[in-house]
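Q: Questions regarding the structure given below will be posed in turn.
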Ligand code: FES
């Protein structure tokens, strides 16, 4: 069996939602100290919906594929749903990642949570109880 699924390869070669949102409502930057990979997520939120999401990932192919898939999974969804996104869901949507690459999907989960934290910091009235 190939090491990476065709879905991983597709999102690595043609990542969705790459870039920056200049007037983002929330920005989250996370990194993994071991591998040195860095991921930044930008969220545009309107009426509690993730209207737009973009990412920049300086990292491995699995991190790029994970960020791409994570953006696809939360785009257009309510913020409450985006908050529930787990790295497991990202990896499953990618049709699996090798065990030693699971931390790459963790980075995507953490980046989205960090961007949402930033959004709540700027809009405390929206923060969950
Ligand atoms: Fe660290 Fe992929 S090797 S994020």
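Since every read-out is calculated from the coordinates, none of them should be taken as a lab result. Small disclaimer: the values here were computed from a predicted structure and weren't measured. Glycine also receives a Cβ, built like all others from the backbone with ideal geometry; neighbour counts cover every protein chain displayed.
Q: If you go through the stretch 25-70, how many residues are more than 16 Å from the ligand (Cβ to nearest atom), in contact (Cβ under 8 Å) with a residue 24 or more places away in the chain and either assigned to a strand (DSSP E or B) or surrounded by 17 or more Cβ atoms within 10 Å (Cβ to Cβ) (or both)?
A: 12
Q: If a residue must be over 25 Å from residue 83 (Cβ atoms) and touching a strand residue (DSSP E or B) at 6+ places or on another chain (Cβ under 9 Å), how many such residues does the stretch 1-42 contain?
A: To start, the set of residues in the stretch 1-42 that are over 25 Å from residue 83 (Cβ atoms) comprises 1-6, 9-10, 12-14, 34-36.
Narrowing the set further to residues that are touching a strand residue (DSSP E or B) at 6+ places or on another chain (Cβ under 9 Å) leaves 36.
Summing the residues that are over 25 Å from residue 83 (Cβ atoms) and touching a strand residue (DSSP E or B) at 6+ places or on another chain (Cβ under 9 Å) in the stretch 1-42 gives 1.
Q: To continue, here is another question. Please state which one of 85, 97, 107 is within 16 Å of the ligand (Cβ to nearest atom), crowded, with 16+ Cβ neighbours inside 10 Å and part of a loop (DSSP other than H, G, I, E, B).
A: Values: 85 fails: within 16 Å of the ligand (Cβ to nearest atom); 107 fails: part of a loop (DSSP other than H, G, I, E, B).
Among 85, 97, 107, only 97 is within 16 Å of the ligand (Cβ to nearest atom), crowded, with 16+ Cβ neighbours inside 10 Å and part of a loop (DSSP other than H, G, I, E, B).
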